[in-house]
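The values are calculated or read from the model by the stated rules, or taken from the named source; none is laboratory data. All values derive from a computational prediction rather than experimental measurement. FYI the Cβ positions are ideal-geometry reconstructions off the backbone, even for glycines, and counts take in every protein chain you see. What goes into the accessible areas is simple: the full protein's heavy atoms, side chains included, and nothing from ligands, DNA or RNA. Shrake-Rupley method; radii C 1.70, N 1.55, O 1.52, S 1.80 Å.
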Amino acid sequence: MKVAFTLNGTATVWRGLPVTRLAAALRDDLGLTGTKVGCDAGDCGACTVLLDDRQVCACLVAMGQVEGRTVETVENLERSDGGLARLQEAFLAHGAAQCGICTPGMLMAAEDLLRRTRQPGRAEIEEALGGVLCRCTGYGKIIEAVLAASQQPMVRLSPPAGAAVGARMVRVDGHAKVTGRDLFGADAVPDDALWIRVVRSPHARARFELGDLGALRHRLAAVLTAADVPFNGFGIYPDIKDQPVLAAGIVRYRGEAVLALVGDRATVLSIGDDEVPIRWTPEAPVMGIDAATAAGASLVQADKPRNLLLDGGVRRGDVATAFAGCAAIVEGLFETAFVEHAYIEPEAGWARRVGDRIEIHVTTQTPYMDRDEIANVMRLSPDSVRIVPTACGGGFGGKLDLSVQPLVALAAWRLKRPVACVYTRPESMAATTKRHPARIAAKFGCDAAGKLVACDVRATFDTGAYASWGPTVANRVPVHAMGPYAVPHVRTWGEAFFTNGPPAGAFRGFGVPQAAIAHEAMMDALADRLDIDRLEFRHRNALRAGDTTATGQVLAHSAGLAQCLDALRPHWRRAHDEVAAFNAASGARRRGVGIGCMWYGIGNTSMSNPSRIRIGLSPSGELTLYNGAVDIGQGSNTILTQIAADALGLPAGQFVLVAGDTDRTADAGKTSASRQTFVSGKAAERAGHDLRRQILRLANAGSDATLSLEGTRITVRDGAEVRTIDLAATGPLTAEGTFDPPTTALDADGQGVPYATYAFAAQIATVEVDLELGTVKVLRIVAAHDVGRAINPTLVEGQIEGGIAQGLGLALMEEFLPERTENLHDYLIPTVGDVPEIDCILIEDAEPLGPSGAKGVGEPGLVPTAPAILGAVHHATGVRAMRVPLLPHRLHEAIVAAKGKRA
Amino acid sequence: MGAYLRPRRLEEALLALDRPHVVLAGGTDFYPARVGRAIEEDVLDIGALAALRGISAVAGGWRLGATTTWSELVEADLPPLFDGLKQAAREVGGRQIQNVGTLAGNLCNASPAADGVPCLLALDAEVEVASRTGARRLALGQFITGPRRTALKPGELVVALHVPRPAHPTRSAFLKLGARRYLVISIAMAAATVEIADDRIAAARVAVGACSAVAQRLPALEAALAGARVDRSLADRVDPAHFTPLAPIDDVRGSASYRSDAVLVLLRRLLTSIAS
């Protein structure tokens, strides 16, 4: 069928099946990949376009319905002179785009509003943007940007030489994100690519036999099975390659990959699972910690006795004796659920064979681990594998594990054709890793003066069917489980058990957010017991520089929790006053205020995690940052450029970026553990210093000289002396910096130096609880974070605000249940109407090891939020949440039960 | 590949329904049910049928065309009788959904949590259905026969909804309970329409959604409200004994007992808002 319509002001004729989604036609046939697809179900709004001047989800519109109508996409926003529209400029200036995958949809929804309402208020903006989900920003900066778009245009800040660090510089990759030009995993698949559809297990646990695949193979280019995988096991740890690329006769979770159908796209989509001959023999699954640890429980993995993946802990002092002398002791048992990353970009990528090498273009957080893992699976040398990261539409830990990579690589290798795979939303949710469900038994004691004396915390995790990052969680949590406090007598224990749940892996915080729910509830309970203000109780016990941690590490510098609490104190008092005034006129709604604190070790736990960054200056004068650290939206491309620029002494705006590509950059490790600013940032600083030294040497200039770069010439001004270097004559300059944070192994009692530095933070939440319905509205968050140094305050705030939104989800609404919540309407993440206004207070207690004193902030934003919200709910209602998410029915039940107890 | 028909005239559409077709209007339920697979069904797109569009005042009430979108409803000039339905319209998904999703689609999809159904029940709406052999009208309560089931017979198409004009001045309201602010499937919801004569309720129609397989009117509560003075005491008339038509279940959104408690709260608040 032929469809004639007006697309971005141009008469357009499209030919195809009329039932084709508008989103697919735009992306696949009309070359407009600025419109993103996050769910194909109208749940996320990423594909929002204007149809006859109204916002619609392009995934819900049939091409047959577009005849004669007008469609506008993000590509139509730029001005006719090529400049950005005011709205786009505002998004850039306010840091409203992080990963950028929701940005086109947000922009179009906002455009719809601004065409109808010239100066909208916050409430109107929330209504207009309510249909677009963002998982990165926490929405605050998006609202600011839309508010600002109706004001005077912003002047874009381009810091001069030496002034990049600390500047609110616009992100270097921002222009591509606000114009829809950024290319994500599904955006640049070659036209001649074959496609993969993965056939997955509908059972949590089953044995299976494959029938005759001949008929399918006849229709397809290939049907890949376990037998086609040279080494059929992958996993994060070198000694735990327990997850098959394609299951071999047994599946251990619902959603596990069994077969890969490879063919032209229409054909693989047209083959239903019922046409695939698999004879299933379902078995009773082991679901949850109790089932996994029951006497005689069946084993999830035959060679893992007791279903135990790993355990270990930290011991310091004499806990039993110390508890005996405590003036107050509190205990609690806390439970959390599987949580889904819900990045708006599902897993996607494609591969092609280039001679005897395989090249994979994929959305990932960790190109070098991907490279080595693919080499291992395919039995190739790492040199034979090239990973080219695409823009990454959100990761949060979920794109640290392999997804499409081995499948597209195996198929492309074998078929010698490009092969692509894009997960559907339900597939992404069923098949990929989750946050570990935790059961945390906590006991804390303090003396009569409110000084903590002892704690005993046991954290038990459901690690799902495969190890993934389970060991990382089980190792990190015991170090953090006493909270950011000086506790002389400590026993903590972490243990992870296999179940037939989805593999639990890395998710922003590696188990620490779960542990924080427990230790912060204990702080509140002790403070209440002794009638000490909850903030002051924490202040009294806060770890400070000079203190010794439970692992025996002396914190020499940069332990800014007390400063965070000092900064929060006036907000805390005001919030109490406001809450008391509101509650005095009490009705069915009561308000409360709560506080949460955290600390977070930056980088890997007691493991080497080096970064190497290079800078090149070509004979033609091109200054290039070769950056192997993947920017998944958090801003490392910009942060590293700012750091390198000041270290070198040239303006950040002169850098060109080469990012992620394993053929063109050095290994800067994975984007996880809040490590890129601290570790790769330090490497970038050293690379900048290295290049500066080389230039100064060529110019025979002193260390105070200033540099400028124009064309092929570097001008070096050293006092009154001015020297010029002609790069065309000197040839290319290359510089390099590396950094590996100094840590030591932990001994059997967990003693040692697990991290080189720690971030600290405290947040206050004010909530309103509907006592009759059990609903919680978070009214305000004030977040104080010790970040060492804010390299780019806008990006730092973006991390904090986005983390808070995820912490809010963890506390109040997010619970992944296999089969039941495998979409974005049954699995709820916060919308623009759920995240309150957030005040960020940045504390800069410099870390001498870090670049310009900086630490990390990627994960810390999330950690204190749920404790603060839950503390506020307790303050309002007297109900302590022992299980999250605190869904309305759970809170209601607890309120009713508490009332019954009082009666 | 299936057929795709987009007729302009109702007769053509009804003729097409001689053979089974999946009916496509706003697409907001059609496409989500077809994620990641080829669409091979025969499709009848009713979006170009002029006869199914628009809202008009007619003798005895109002006619709401089957493919009226939620946004069109919100923007239509309608009396307070429709305030509740307009409130519900703003709770259906986000703006994107409201701009294309249709009233009749919400009924035909027959979700227990359909946001439009309680209000339309409280409006005493009728569903006009056409086929090649003629037309018929059903009360909405008869039209939706179960979860994901309607009384539509093969060859039939919903053409319009009809809302009768009440005998007295009327107020209406809607309340929805969900676990987040936007884009949320209801845990429970309640809608009420009350006709007022001499400061007393002349007639009341109250319906509750997401607490039974199909949204239900609460006749006992309606009877209890009849004759009541329209003031804050209205809320006191709600009694759990009125909830016998409801049969809430446990699901991912809430427990059955929570739903029962929530309905009581929602109805009291709804009546309080109507009285104020």
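Remark: segment A:682-694, residue by residue, has Karplus-estimated 3J(HN,Hα) of 5, 5, 5, 4, 5, 5, x, 4, 4, 5, 4, 4, 4 Hz, where x stands for each Gly or Pro and the curve is 6.51 cos²θ - 1.76 cosθ + 1.60 at θ = phi - 60°. What separates the Cα centres of segment A:411-428 and segment A:171-206 is a distance of 10 Å. For A:Phe582, the shell of other residues with beta-carbons less than 11 Å away shows a net charge of 0, using +1 for Lys and Arg and -1 for Asp and Glu.
Placing dummy labels 7 Å off each Cα toward the beta-carbon, the span from B:Ile249 to A:Ala284 is 2.6 nm.
When A:Met482, A:Met369 are compared by accessible area at a 1.4 angstrom probe, the order from most to least is A:Met369, A:Met482. Calculated mean residue ellipticity at 222 nm for chain A: -8500 deg cm²/dmol, from DSSP H runs with n ≥ 4 weighted as -39500 (n - 2.57), summed, divided by the residue count and rounded to 500.
Between amide H atoms placed 1.01 Å from N, distances below 5 Å from A:Phe507 occur with no residue 5 or more places distant or on a separate chain.
Taking a sphere under 9 Å around the Cβ of B:Leu5 and counting the other residues whose Cβ falls inside, with K and R at +1 and D and E at -1, yields a net charge of -2. Heavy-atom accessible area for A:Ser606, with the other protein chains in place and a 1.4 Å probe, reaches approximately 30 Å². Rounded to the nearest 10 square angstrom, A:Leu84 shows an accessible area of 10 square angstrom against a 1.4 Å probe. For segment A:25-39, the Karplus equation 6.51 cos²θ - 1.76 cosθ + 1.60, evaluated at θ = phi - 60°, returns couplings of 4, 4, 7, 8, 10, 9, x, 9, 7, x, 7, 9, 10, x, 8 Hz by residue, with Gly and Pro reported as x.
Look at the stretch B:96-105: the mean tally of other chain Cβ atoms within 10 Å of its residues' Cβ atoms is 6. Comparing mean-square fluctuations of B:Ala167, B:Ala88, B:Ala59 from a GNM of chain B with C-alpha springs under 10 Å, the top value falls on B:Ala59. Summarising the strand pairing of the protein assembly as shown, around 80 percent of its internal DSSP beta bridges are antiparallel.
The spacing between segment B:174-211 and segment A:26-57, judged by their C-alpha centroids, is 33 Å.
Derived scalar couplings between HN and Hα for segment A:514-526 equal 5, 5, 5, 4, 6, 5, 6, 4, 5, 4, 4, 5, 5 Hz in order, rounded to whole Hz, by the Karplus curve 6.51 cos²θ - 1.76 cosθ + 1.60 (θ = phi - 60°), x for Gly and Pro. Which stretch or stretches of segment B:133-162 have amide N atoms under 17 Å from the point lying 7 Å from B:Asp42's Cα along the Cα→Cβ direction? From segment B:133-162, the list is B:133, B:153-157.
As a length-normalised measure over Cα pairs under 8 Å and 6 or more apart, the relative contact order of chain A settles at 14 percent. Look at the stretch A:831-842: the mean tally of other chain Cβ atoms within 10 Å of its residues' Cβ atoms is 2. Axis angle, to the nearest 10 degrees, between helix B:256-275 and the longest C-alpha principal axis of chain B: 70 degrees. Legend: residue pairs A:Lys141/A:Lys777; A:Lys241/A:Lys434; A:Lys670/A:Lys777, Cα-Cα distance threshold 24 Å; pairs beyond threshold, A:Lys670/A:Lys777.
Under the convention that each Lys and Arg Cβ holds +1 and each Asp and Glu Cβ holds -1, the size of the dipole of chain A around its Cα centre is about 360 debye. Comparing Cα centroids, segment A:448-506 and segment B:48-64 end up 63 angstrom apart. For segment B:4-164, a crude dipole built from +1 on the beta carbon of Lys and Arg and -1 on the beta carbon of Asp and Glu, taken about the Cα centre, is about 220 debye to the nearest 20.
Accessible area ranking (1.4 Å probe, heavy atoms, ligands and nucleic acids excluded), largest first, for A:Lys241, A:Lys855: A:Lys241, A:Lys855. Among A:Leu157, A:Leu452, the sequence by solvent-accessible area, most first, with a 1.4 Å probe is A:Leu157, A:Leu452.
Using a cut-off of 20 Å between Cα atoms, the listed pairs A:Lys399/A:Lys682; A:Lys36/A:Lys399; B:Lys86/B:Lys153; A:Lys304/A:Lys443 include A:Lys399/A:Lys682; B:Lys86/B:Lys153; A:Lys304/A:Lys443 as exceeding that distance. Other residues with beta-carbon under 15 Å from the beta-carbon of A:Arg789 carry, at +1 per Lys or Arg and -1 per Asp or Glu, a net charge of -4. Inter-chain Cβ neighbour count for A:263-271, averaged per residue, equals 2 (cutoff 10 Å, partner chain atoms only). For A:Lys777 and A:Leu147, the FRET efficiency from 1/(1 + (r/R0)^6), where r spans their Cβ atoms and R0 equals 25 Å, is about 0.70.
Fully extending the segment from A:Glu819 to A:Ser381 would add 153.8 nm, taking 0.36 nm per residue of separation and subtracting the current Cα-Cα distance. In a reduced charge model with +1 at each Lys and Arg Cβ and -1 at each Asp and Glu Cβ, segment B:170-275 shows a dipole moment near 340 debye about its Cα centre. Rolling a 1.4 Å probe over the protein heavy atoms leaves A:Ser403 with an accessible area of roughly 20 Å².
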